[in-house]
Structures are given as C-alpha cells and as structure tokens.
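Heads up, the thing below is written out as structure tokens.
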Amino acid sequence: MYEEQQLGAVEHGPLAGFTVGVTAARRADELGALLQRRGAAVLHAPALRIVPLADDGELLAATKEIIDQVPDVVVATTAIGFRGWIEAADGWGLGEQLLGGLRGTELLARGPKVKGAIRAAGLTEEWSPSSESLAEVLDRLLEEGVDGRRIAVQLHGEPLPGFVESLRAGGAEVVPVPVYRWMPPEDITPLDRLLDATVSRSLDALTFTSAPAAASLLSRAEERGLLTDLLSTLAHDVLPACVGPVTAIPLQVQGVDTIQPERFRLGPLVQLLCQELPGRSRALPIAGHRVEIRGHAVLVDGVLKPVPPAGMSLLRVLSRRPGWVVPRADLLRALPGAGRDEHAVETAMARLRTALGAPKLIQTVVKRGYRLALDPATDAKYADA
C-alpha cells in the first residue's frame, strides 16, 4: 500500500521535515514506525513480493533429495526461508524426516536470526559468522575444502550465483533449496508513485532492505525510461540507504554510492539516517532567527514549520544564493505548473511567509524580486556565493 504520514509541528524528532521512501515488502511496518517515531514522513511502496513455494514441485524435489541423501553441509541463509522450508516439509508429511537428516549434517547459519530459526526447530547450528555475511560463510567452506562434498544451500529469493558458482568451482556438489522467490508486486501502481516521487526529488532518502528490492526498482525505472533520471537523483539529491553491503550491490553496479550502518539492522539504519539527513540540510541566520531548510518543512529557531510544496520550491531557490535578490521570473520557473503569470509567485510567497510564521525572513525588493534577509554579520560571507 502507498502511504504518506507526517508528524505535526508541535513535537519533532531528528527526521522531522524529511520524507523517506521505504521499498521493503517484509518488515515494512516496523521500518516505517521507526522512521515516523523520529519525525519522518514515510512513503511506502513494496518493490517486490515474496512468493512461498510450499506447493512448488522444485522445493519438494529438493527436500526429498536431501532426505534420501543427506548432504555434508547445509547453509541456511534467512530465518523466514528456513522456517518456511520446515513448515512446507511438515505439510507434505516429511517434517520429521527432514529434521532427522539436518541433525546429521554440518549446519551453517548466516546470522543470529537464522540461528534462532534453527534452534526453534530443535536443531543446533555448527557455526555462524559474526558479520552475517555469506562471503564469510563461503570463505570458511573454501578454507575447509569443498572438493567432493555435497552442500545444500537454502536460497533467499535469488539464485546467489557467485556463492553457488564458487562452491562448484571448488569441486562441491551444490543442491539449491528454493524456499521462496521474489516477484514484482501484483499492483505496480504504488511502486510507480514511489519512483515518480524519487525522480521528482520529493523524497530526501530512499531505503532498501534487500538486494532484490533494489534490483526491482532499477528494473522498473528502466522499463519506464527513467533509469538515467533515477541514477542521477540517487547520486546527487535523494540519499540511498541500504541495510547492508549485500543489499547495496545492485545500486553499486550502477555506480550509485550508498550509506550503510555498521550493524546490518533496521534500528541502526534509522539511526544512520538521523545523523545523515540533518547534516545535509542547510541552516542560515536570517532576520535574527536560525532557519534550517529541510525536505518538506523548515525549522525556525528549532520549531518545525510545515511548508506547502510551492513554498519549499521558492525557499530552495532563495537559499541557493542567500541574501541575493532573485527575480520573480526565476522564482516562477521554480513553481510546478505555474505558467507565465508572475502573480502565482506573489500568492505562493504569501503562503510561504504565513507558514514560516516570521514574515520578515523574506524581503520584497520592489520591482526586482525577493531575497532572504540574512543577518548583517553573515551577509558578507555569502556575497560571492
């Protein structure tokens, strides 16, 4: 579902005045709630959907193969995937046989959540990397030697070609276990709206919690002829934030730099945004006030002032050269759909001043235009900006 929520102006957190896009299909509510608690407006559109394969012949065949010939190693990559596999096996009447086979193998867990799912099933993992990285799992297996070993890999929605190919190149026999697949959303409209909001710079940050979600958004942008615009926007205006390095790979392949928390969790991801986004906003001393211009709102002396989109467009133009007079014609061009009537600038300016609650922040320069009323002590600093 496509949602937009905004915190009021009375109390605000570090993300007040910023709009953050959420592409997650799973745990989107949790991420959205974390962002909103810190004051952000949230736009949510799942970039994909998870399709369980409980009735899929491919998963059934892999399960029977593992029961018939227990592998030397089983790599569990996601908690939801491992649980889904056990539940599917139970549904086929093969649950106890599968668990019996897994008790006799070297069971590796990609991270703590997977460990929890393994233990909930009555099993014990042999080892789990502290980094939660499949690369570390791969390094351990290759160091131990995989030649002639049979390794089952629970896939997490994508084929993991680099992981599987490296094992096969080392001489291993790999049995893929496809527990679920990532598919495009059934209703693509919300994703298109989120994509449009991104390329129009209506967002301040866009979050990704899985590599398939990032790949899906890029793919949809390419289908609509918006890929170049999207990449440019993510490179310069909208901050792409990924929960970890694996999630960032599709974006990095396209040359997009991302931010990532040190711990690959939703909480640290939100905390990172709380640090990064305020640092990207501009604070100016204007008419005796401290004015901080954010995505869809302004902080005036620490008080949040929601501003209409047209007003934010004018304010951004004025702030590019603080203290300089900006002609009405230039401001008119910044107003979406304003046409040629400069009266639209006067109307939008009046609403902007009302929203800010401090009319003297913006000065009218007769017959010339408007300027931000920079404090005299700082005016010279921006004279040659």
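The values are calculated or read from the model by the stated rules, or taken from the named source; none is laboratory data. Computed from a predicted model, the values in this text were never measured in an experiment. All Cβ positions, even for glycine, are placed from backbone atoms using ideal geometry, and neighbour counts span all protein chains on display. Keep in mind that these areas ignore ligands, DNA and RNA; they rest on the heavy atoms of the full protein, side chains included. Shrake-Rupley method; radii C 1.70, N 1.55, O 1.52, S 1.80 Å.
Here the range 64-111 is treated with +1 on each Lys and Arg Cβ and -1 on each Asp and Glu Cβ, and its dipole about the Cα centre works out to around 180 debye. Please name whichever of F82, L142, A47 sits farthest to the positive end of the charge dipole of the range 1-155, dipole taken about the Cα centre and charges placed at Cβ: Lys and Arg +1, Asp and Glu -1. So the residue we want is A47.
One equal scatterer on each Cα of the range 190-304, no solvent, Debye formula: the resulting log10 I(q)/I(0) at q = 0.20 Å⁻¹ is -1.06. Sequence-distant contacts, meaning Cα pairs under 8 Å at least 6 residues apart, place the relative contact order of the chain at 15 percent.
Evaluating 6.51 cos²θ - 1.76 cosθ + 1.60 at θ = phi - 60° for every residue in the range 268-275, the Karplus couplings come out as x, 5, 5, 4, 5, 5, 4, 7 Hz, glycine and proline recorded as x. Which one, L155, T124, P71, projects farthest toward the positive side of the charge dipole computed for the range 43-194 from Cβ point charges (K/R +1, D/E -1)? Positive-end residue among those listed: T124. Quote to one decimal, in nm, the extra length available between R263 and R340 on full extension: 0.36 nm per residue of separation minus the C-alpha distance between them. Value of the extension gain: 22.6 nm. The charge dipole of the chain, taken about its Cα centre with unit charges on the Cβ atoms of Lys, Arg (+1), Asp and Glu (-1) only, comes to about 2220 debye.
Go through 196-204, 217-225 and give me the packing order, highest mean Cβ count within 10 Å leading.
Values: 196-204: 19.1, 217-225: 17.2.
Highest-to-lowest ranking by the protection proxy: 196-204, 217-225.
With the simple spin-label model, which puts each label point 7 Å out from Cα in the Cβ direction, the D187 to E143 separation comes to 4.9 nm. The fraction of accessible area contributed by carbon and sulfur in the chain is 49 percent, rounded to a whole number (1.4 Å probe; ligands and nucleic acids excluded). Place a point 7 Å from Cα of A135 in the direction of its Cβ. Which residues in the range 237-268 have their backbone N less than 17 Å from it? So the set is 242-265. Surface analysis of the chain yields an accessible area of 46 Å² per residue, using protein heavy atoms and a 1.4 Å probe.
Both radii are taken from the alpha-carbon atoms of the chain; with Rh as the Kirkwood radius, Rg/Rh is 1.11. For the options L108, L266, L142, a Gaussian network treatment of the chain with springs between C-alpha atoms closer than 10 Å singles out L142 as fluctuating the most. So which lysines can K305 reach, going by Cα to Cα under 19 Å and dropping same-chain residues fewer than 8 places off? Cross-link targets: K360. Here the spin labels are modelled as points 7 Å beyond Cα on the Cα-Cβ line, and at E96 and Q275 they lie 5.2 nm apart.
Applying the Karplus relation 6.51 cos²θ - 1.76 cosθ + 1.60 with θ = phi - 60° to the range 118-123 yields 3J(HN,Hα) values of 5, 5, 5, 7, x, 10 Hz, where x marks Gly and Pro. Taking Cα atoms only, the orientation of helix 189-199 departs from the longest principal axis of the chain by about 50 degrees. If you wrap a convex hull around the alpha carbons of the range 101-157, what volume per residue comes out, as a whole number of Å³? Residue-normalised Cα hull volume stands at 99 Å³.
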